[in-house]
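Remarks on the structure that follows.
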Amino acid sequence: MHDLLPYLIIGLTSGSVYALIALGLVLTYKVSNIFNLAHGAIATVSAYIFYALHVQHHVSWPLAALASVVGAGLVFGLIMERIAKALEGADFTMRIVATVGILLLITNTCQLAFGSFPLPVEPFLPVNVVNIFGVAVTVDRIIIVAVALIATVALYVFFRNSRLGKSIRAVVDNAELLDLSGTSPTRVRRVAWIIGCTFATLSGPLLVDTLGSVDVGTLTALVIQAFAAAALGSFSSLPLTYVGGLFIGLATSVSTKYIHTSDQIVSAIPSAMPFIILFVLMLVMPKARLVVRSMMKRKLHVRWSLPPRFQIGTGIATLTLLFTVPLWAGYHLGDWTAMLSYVVLFLSVGLLVRTSGQVALCHATFAAIGAVAFSKLAHEAGIPWLVALVLAGLVVVPIGAIIAIPAIRLSGTFLALATLGFGLLVQSVFYQSSWMFGLDGFGLAMPKPHLSWLALDTDTGFYYVVLAVACVTALVVVTLVRSRLGRLLRAMADSPQALATAGVSVNLTRLLVFCISAFFAAIAGALYGMYIVAPTGQSFDAFTSATYVTLLAIMSGIAPWYALNGAIALTIVSSYWHPTGMSNYLQILFGLSAISVAILPPQGLPAGVRAKIDRWGGANPEAPKARQVTAPKRDIRRGRRISPGRLEVQDLTVRFGGLTAVRNFDLEAHTGTITGLIGPNGAGKTTIFNVCSGLIRPTGGRVTFAGADISRLSPAARARRGIGRTYQHIELWDSMTVRQNVTLGHEGALAGSNIVRQLVPMRGDRNAAVSAADDAIALCGLTELADAVVASLSTGKRRLIELARCLAGDFTLLLLDEPSSGLDAFETEAFGHVLRQVVEERGIGILLVEHDMRLVMDVCEYIYVLDFGEEIFRGTPHEVAASTVVRSAYLGSEELDVATRAVHLA
Ligand SMILES: Nc1ncnc2c1ncn2[C@@H]1O[C@H](COP(=O)(O)OP(=O)(O)OP(=O)(O)O)[C@@H](O)[C@H]1O
């Protein structure tokens, strides 16, 4: 034990600093839903201000510390609150992009001002030694631990007892309510941001004292320790976050005592401890804790791209230009080669981030492993160049699959965190090992392609090889984006839930896209490594993955243009124009662009100009033009009556923590009828739907469909069995057209859980899907809007599209959740008519949750009435209308009165 004490003291000291940063991170996350990746960078600023005042201008350390902690804390608190407010309507991708932008801005400004090398600082806290349990401890360590403890206790007491602290807690729970009570949520959030940033700035000088130097990298990367500590505190509990920080410090320090080995990988474990903890926590933490509260969905951008004719023209011109590069590039040729390898990398990143909407921050790691695998295969094993390149890509595919595991559990910021943690873990444990780049620092041997009859290993020859690989990659990615998988990915980006309830095994889709993306990133890494000649770990720094994602977020255009633009911005600009600090200025520009793109999504070209270009290019995609729909006079599926089935819910109970949303509920819904499920707000209707479609696991009870117990089936499997649904809060694939949405409603079950079918349709699939979509679109009166992008349509139309999507699918029972809300009286009547028609002609069943009682009474044959999660009545519309129990549950509801009168008159 006595031997252990020094490690415990070191661990407590560093852990205290981690705890401080983590507390600030949690506080700001709680009030704004923003995980600030730049939180460590804010600590860096205070460290540099302290350095400038104390070391360069000889200000006494207490004054320098006060100025750097309070000054930077206040300024950053105010700035960050403004940015967080501007980001309120932004989706999670843009939130991540904005904070990476801030990180780039801060770190590169610091590097311009103070250089990239560590600056030494003499310890300024007292270093006299005191004896604790027989161990000599310097006073500075005691001070650091005490400062963190006092700050944590003060923060806790402030939260519990002060009015402002209570307001901060209230703003987390219900900002509107706080506003109504007369306290400005903005002011409260501002205070929280100032406190949060001050906790970061406080850790800056403390860490400088412990490390004896200031540098950008170390302090900025501390955000990972902070994230790990915050994860241990479930991203919400301040005391647990403090304990989490201490735990990480202790785990790191104590493991150095016990891990003494010559094995390079095992010996790297202590320094990688925070990344290991973060990654493992992301894998094992209960999913419920990883749900971001009230996070905005992906923004509804109506994407515009050049008409195909112009794209082909631009493509030919670009290819011609790229083909002639060796003729005029001179000594810049190498940079053009690097640029092309980045095109491959950015296409791979874009497939994940832009097409499928998943922010993964580990592509630098995929690239590093690809480079290493290629070196081993081509250099050590002597495998022919092209085979080695493809094999290097394939080696990384299983790693992509492993990363897809957290992607299945996590989304948004948490996926970004887990993947960044993975990248840093690989970097700190494996980069220096002989498995990867080795300790000698000489770099990998990267053979270039060699043919006896063609000079491929010259600079020019190699340029053309990389150009060829980039073109093939672009072709494959563009084809993929336009293929069935591309449609699934775009749908997944907009609403994975809707995709799952359309019958698609979304996890498989995720797995596929991660594997494909990892494959191309590995190829890019190998090519980039060949360009560098002898790459080392530094060529693939894990943090650069965040820069790639940010860069892609600010680039316009569809594949492959965004990749080309991004690669040119990253490599070619600084190749031709390189004043001192150019790369820093460029990164600052990326950072500023990322912040502005996140805050103010680019509007692109004015609509008039776009329309003109569309006309010149012979396309007019934005105008909702009525494509000649070949809807048959009779629905081709009308003749096909489905076999009778029954959805049965037995003894269902659903609890959310202490709240029982549904209690011992039974229900039957038959094919060939419309069954109503009504009840006041909060009665538990949507919860029952979620259980039936597999989105919620009930606390008790079971669900059977067509005689089979489906209680344990996934949402996609239930959809494939014939249960379709719409959502109370419309879940459409907003970036797609009406026709694409409805067609995918049919294609979903065909893609299902089959890896090949998700990639390529069977013969005839496409025609069947288009035909089913045309029918459904015509049935719902949407023919005129078939080519309109759904994001641009009214709520009423969007409800109809959701119904059409369901009708295009091969479903036998539809769960419709408040489908008429947003429709006017005329549309509702027509809607009721459509429902009756499909039930009559196709024989499907409908379970209808609806607040429009007139519609319910009009179309339903049997109705279940629910209140506070329990059935209060069941019967025919007449019986329901006559029931005093129902009337008292709906006390004051005019709708019920009107509808009741309608029933009695009928
Ligand atoms: N994921 C959840 N976590 C905690 N509570 C939940 C969750 N989902 C629903 N609830 C609660 O369960 C109860 C039933 O909600 P539900 O949405 O099923 O009601 P509803 O009848 O559909 O209401 P409405 O007509 O307003 O949509 C409500 O008190 C709601 O706040």
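List of remarks:
- Top-ranked residue of the stretch 155-195 - restricted to ones that are assigned to a helix (DSSP H, G or I) and of a type in the set (Ser, Thr, Tyr), ranked as modelled with the lowest pLDDT: Ser167
- Of all residues in the stretch 193-205, those satisfying the criterion of being among the hydrophobic types (A, V, I, L, M, F, W, C) and either open to solvent by 10 Å² or more (accessible area, probe 1.4 Å) or not assigned by TED's automatic domain parsing to the domain that holds Ile79 (or both) are Ile194, Ile195, Phe199, Leu202.
- Flag for Gly657 being without any contact (Cβ under 8 Å) to a residue 60 or more places away in the chain and within 30 Å of the chain's Cα centre (by Cα): yes
- Scan of the stretch 547-563 for residues that are assigned to a loop (DSSP other than H, G, I, E, B) and either at pLDDT 90 or above or touching a Phe, Trp or Tyr at 6+ places or on another chain (Cβ under 9 Å) (or both), ordered by number: Met555, Ser556, Pro560
- In the stretch 673-688, the residue that is nearest to Thr726 (Cα to Cα) out of those that are assigned to a loop (DSSP other than H, G, I, E, B) and either touching a Lys or Arg at 6+ places or on another chain (Cβ under 6 Å) or within 11 Å of the ligand (Cβ to nearest atom) (or both) is Gly684.
- Close contacts from the stretch 95-106, counting a first residue that is surrounded by fewer than 24 Cβ atoms within 10 Å (Cβ to Cβ) and a second that is not in a helix (DSSP H, G or I), with Cβ to Cβ under 7 Å and a gap of 6+ residues or different chains, come to Ile106/Ala38.
- Residues (in contact with a Pro (Cβ under 8 Å, 6 or more places away or on another chain) and either in a helix (DSSP H, G or I) or open to solvent by less than 20 Å² (accessible area, probe 1.4 Å) (or both)) located in the stretch 428-443: Phe437
- Candidates Leu322, Leu283, filtered to the one that is in a helix (DSSP H, G or I), open to solvent by less than 30 Å² (accessible area, probe 1.4 Å), modelled with pLDDT of 80 or more and not polar (S, T, N, Q): Leu322
- Within the stretch 811-821, the residues that satisfy the criterion of being at pLDDT 90 or above and open to solvent by 10 Å² or more (accessible area, probe 1.4 Å) are Phe811, Thr812, Glu818.
- Qualifying residue in the stretch 826-847 (condition: within 16 Å of the ligand (Cβ to nearest atom) and open to solvent by 20 Å² or more (accessible area, probe 1.4 Å)): no
- Test result for Leu425, part of a helix (DSSP H, G or I), in contact (Cβ under 8 Å) with a residue 40 or more places away in the chain, out of contact with any Gly (no Cβ under 6 Å at 6 or more places or on another chain) and open to solvent by 50 Å² or more (accessible area, probe 1.4 Å): no
- Residue within the stretch 711-721 that is under 28 Å from Leu512 (Cα atoms), within 16 Å of the ligand (Cβ to nearest atom) and assigned by TED's automatic domain parsing to the domain that holds Thr675 present: yes
Residue-wise test of (1) closer than 29 Å to Phe514 by Cα; (2) away from the ligand (no atom under 16 Å from the Cβ); (3) in contact with a Lys or Arg (Cβ under 6 Å, 6 or more places away or on another chain).
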site: Trp733; (1), (2), (3): yes, yes, no
site: Val742; (1), (2), (3): yes, yes, yes
site: Ala751; (1), (2), (3): yes, yes, yes
site: Arg757; (1), (2), (3): yes, yes, no
site: Ser771; (1), (2), (3): no, yes, no
site: Cys780; (1), (2), (3): no, yes, no
site: Leu785; (1), (2), (3): no, yes, no
site: Ala788; (1), (2), (3): no, yes, no
site: Leu800; (1), (2), (3): no, yes, no
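- Of the residues in the stretch 106-127, not one is touching a helix residue (DSSP H, G or I) at 6+ places or on another chain (Cβ under 7 Å), farther than 29 Å from Leu63 by Cβ, among the β-branched types (Val, Ile, Thr) and at pLDDT below 95.
- Test: Leu866 is under 24 Å from Phe665 (Cα atoms) and at pLDDT 95 or above: no
- Restricting Leu177, Leu164 to those that are without any contact (Cβ under 8 Å) to a residue 60 or more places away in the chain and open to solvent by 70 Å² or more (accessible area, probe 1.4 Å) reduces the list to Leu177.
- Test: residue in the stretch 679-702 that is more than 20 Å from Glu818 (Cβ to Cβ) and open to solvent by less than 10 Å² (accessible area, probe 1.4 Å): no
- Only a single item in (1) at pLDDT 95 or above; (2) of a type in the set (S, T, N, Q); (3) closer than 22 Å to Gly423 by Cβ is not met by Thr544, and it is number (1).
- On the stretch given as the stretch 816-825, residues that are within 16 Å of the ligand (Cβ to nearest atom) and touching a Gly at 6+ places or on another chain (Cβ under 7 Å) total 1.
- Single unsatisfied condition, Ala47 versus (1) of a type in the set (A, V, I, L, M); (2) surrounded by fewer than 24 Cβ atoms within 10 Å (Cβ to Cβ); (3) in a helix (DSSP H, G or I): (2)
- Checking each residue in the stretch 654-672 for being away from the ligand (no atom under 16 Å from the Cβ) and either among the aliphatic types (A, V, I, L, M) or open to solvent by 60 Å² or more (accessible area, probe 1.4 Å) (or both) picks out Asp666, Glu668, Ala669, His670.
- Residues that are open to solvent by 20 Å² or more (accessible area, probe 1.4 Å) and either closer than 23 Å to Ile730 by Cβ or touching a residue at least 40 places away in the same chain (Cβ under 8 Å) (or both), drawn from the stretch 477-493: Val478, Leu480, Val481, Ser483, Arg487, Arg490
- Looking across Val208, Val214, Val254, Val223, one residue alone is within 30 Å of Phe422 (Cβ to Cβ), touching a helix residue (DSSP H, G or I) at 6+ places or on another chain (Cβ under 8 Å) and open to solvent by 20 Å² or more (accessible area, probe 1.4 Å). It is Val254.
The values are calculated or read from the model by the stated rules, or taken from the named source; none is laboratory data. Here the structure is a predicted model, which means the values were calculated and not measured. Note that each Cβ is placed from the backbone with ideal geometry, even for glycine, and that neighbours are counted across all protein chains shown. All accessible areas refer to the heavy atoms of the entire protein, side chains included, with ligands and DNA or RNA removed. Shrake-Rupley method; radii C 1.70, N 1.55, O 1.52, S 1.80 Å.
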